[in-house]
There are 2 protein chains.
Amino acid sequence: MRPYEKDPAAIYAQSFATVADEARLDRFPSQMHPLITRLIHACGMVEIADRLAFSPGVSEAGHIALRGGAPILCDCEMVGAGIIRRYLPAGNDVIVTLNDPRTLDHAKSIGNTRSAAAVEFWEPHIAGAVVAIGNAPTALFHLLDLIDQGFPKPAVILGFPVGFVGAAESKAELAANPRGVDFVALRGRKGGSAMASAAVNALAAGLPEVSNG
Amino acid sequence: MRPYEKDPAAIYAQSFATVADEARLDRFPSQMHPLITRLIHACGMVEIADRLAFSPGVSEAGHIALRGGAPILCDCEMVGAGIIRRYLPAGNDVIVTLNDPRTLDHAKSIGNTRSAAAVEFWEPHIAGAVVAIGNAPTALFHLLDLIDQGFPKPAVILGFPVGFVGAAESKAELAANPRGVDFVALRGRKGGSAMASAAVNALAAGLPEVSNG
């Protein structure tokens, strides 16, 4: 067996140092560096920094929303599972409606996916909320459609749907017209629940692993 | 708003067709194609096919283990959250010990991470189990170390730790010496819980989205 690093603080320090060495962060406002660092750390790909679309105020808007108690709306259970609860500044609710018993029937009635149907059940919670999408392009598309129809607006959209059908397109739609909502999104096919959770964790707490080192 | 595909069956069909068109699958045994397809589908990166290390019998070994009721041991909650329970052929247990109350103290006593310490609590379950690692390199390293010390062997290791410190190295160690255990692992820094869950789902059920159209 080869030797390996076993100290959590050293692992975080080496990891964040690699991001600083290899990723191109200079085009981002400095307040966004913890968010970008955590996104890269979650996927092991420094090159995603070059394909992030964002509104410059997204980190501050997300942090303020969470401190004010805003709920976090996730498109799937994996995103919810990746949110570090002890980082949340106001014991914020983490809400996933994908497995709500009404979702399957509602999907059939609106002619869309279960992930899209689940977004409609966010309505009582979404004004000023943090939305984290880490799986389904149809959830992001349908959210934007609903906002166009007068659905309440969240404070922030974290756009990380993944895959070959609609992921790149839904994030391009968000970046082209964010409907006045602060956002960050990874252009293209890549994404995933780990990035969506990492973005929430960064908005909640930055990089506490550094100061706690 | 641009138009987008809303039919789940069409989304799966287009997605799997993209994998078939773009990914290089010919070096894999045909029984592994559903596994590789699901891995690629989970991350949106066809190029990972070129960096997968594997034992040729991994799909069959995993399928047999799960049909026989083997538990699934995960290194973090996100991996567990991504496993589609209705696909599991024997109501298999999904076990995550990372947040076991003993883990933090045990990590200190062994001088390793919480993720590594949590692996030791797999001992009563691991003989013949399916191990899915989607986050922590130290969990994979420590598991291999424990096997070298006589720990019971799982049937299959799904190796997808991610990141800059130990991820590539732990998967290289597994691929160089899998200790007689069937395995699949993505070489390099990339990985993640979505891939680890996808691998479990493939071992459990292949690609039922195709036949269910």
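The values are calculated or read from the model by the stated rules, or taken from the named source; none is laboratory data. Model, not experiment: these values are computed from the prediction. Cβ placement follows ideal geometry from the backbone for every residue including glycine, while neighbour counts extend to all protein chains displayed.
Among the residues of region B:63-84, are any aliphatic (A, V, I, L, M) and either surrounded by fewer than 15 Cβ atoms within 10 Å (Cβ to Cβ) or at pLDDT below 95 (or both)? Yes, region B:63-84 contains a residue that is aliphatic (A, V, I, L, M) and either surrounded by fewer than 15 Cβ atoms within 10 Å (Cβ to Cβ) or at pLDDT below 95 (or both).
Scanning region B:150-175 for residues that are part of a helix (DSSP H, G or I) and either in contact with a strand residue (DSSP E or B) (Cβ under 7 Å, 6 or more places away or on another chain) or free of Cβ contacts under 8 Å to residues at least 12 places away in the same chain (or both) returns B:LYS171, B:LEU174, B:ALA175. Taking the condition away from every other protein chain (no Cβ under 12 Å), touching a helix residue (DSSP H, G or I) at 6+ places or on another chain (Cβ under 8 Å) and not basic (Lys, Arg), does A:SER59 pass? Yes. Among the residues of region A:1-50, those identified as within 7 Å of another protein chain (Cβ to nearest Cβ) and among the charged types (D, E, K, R) are A:ARG2, A:GLU5, A:LYS6. When residues in region A:90-122 are screened for being assigned to a loop (DSSP other than H, G, I, E, B) and either of a type in the set (Gly, Ala, Ser) or over 17 Å from the mean Cα position of the chain (by Cα) (or both), 10 of them pass. Out of A:ALA20, A:ALA42, one residue alone is out of contact with any Cys (no Cβ under 7 Å at 6 or more places or on another chain) and touching a residue at least 40 places away in the same chain (Cβ under 8 Å). It is A:ALA42. Please verify whether A:PRO178 is without any contact (Cβ under 8 Å) to a residue 40 or more places away in the chain and assigned to a loop (DSSP other than H, G, I, E, B), treating the condition exactly as stated. When the stated conditions are applied, A:PRO178 does not pass them.
Checked against the criterion of being more than 14 Å from chain B (Cβ to nearest Cβ) and under 26 Å from A:GLY69 (Cβ atoms), region A:103-122 has at least one qualifying residue. Restricting B:ILE126, B:ILE147 to those that are over 20 Å from A:ALA10 (Cα atoms) and in a loop (DSSP other than H, G, I, E, B) reduces the list to B:ILE126. Can you name the residue in region A:175-198 that is under 30 Å from B:GLU22 (Cα atoms), away from every other protein chain (no Cβ under 11 Å) and touching a helix residue (DSSP H, G or I) at 6+ places or on another chain (Cβ under 7 Å) and is also surrounded by the fewest Cβ atoms within 10 Å (Cβ to Cβ) among such residues? Step by step, filter region A:175-198, then rank; the result is A:ARG187.
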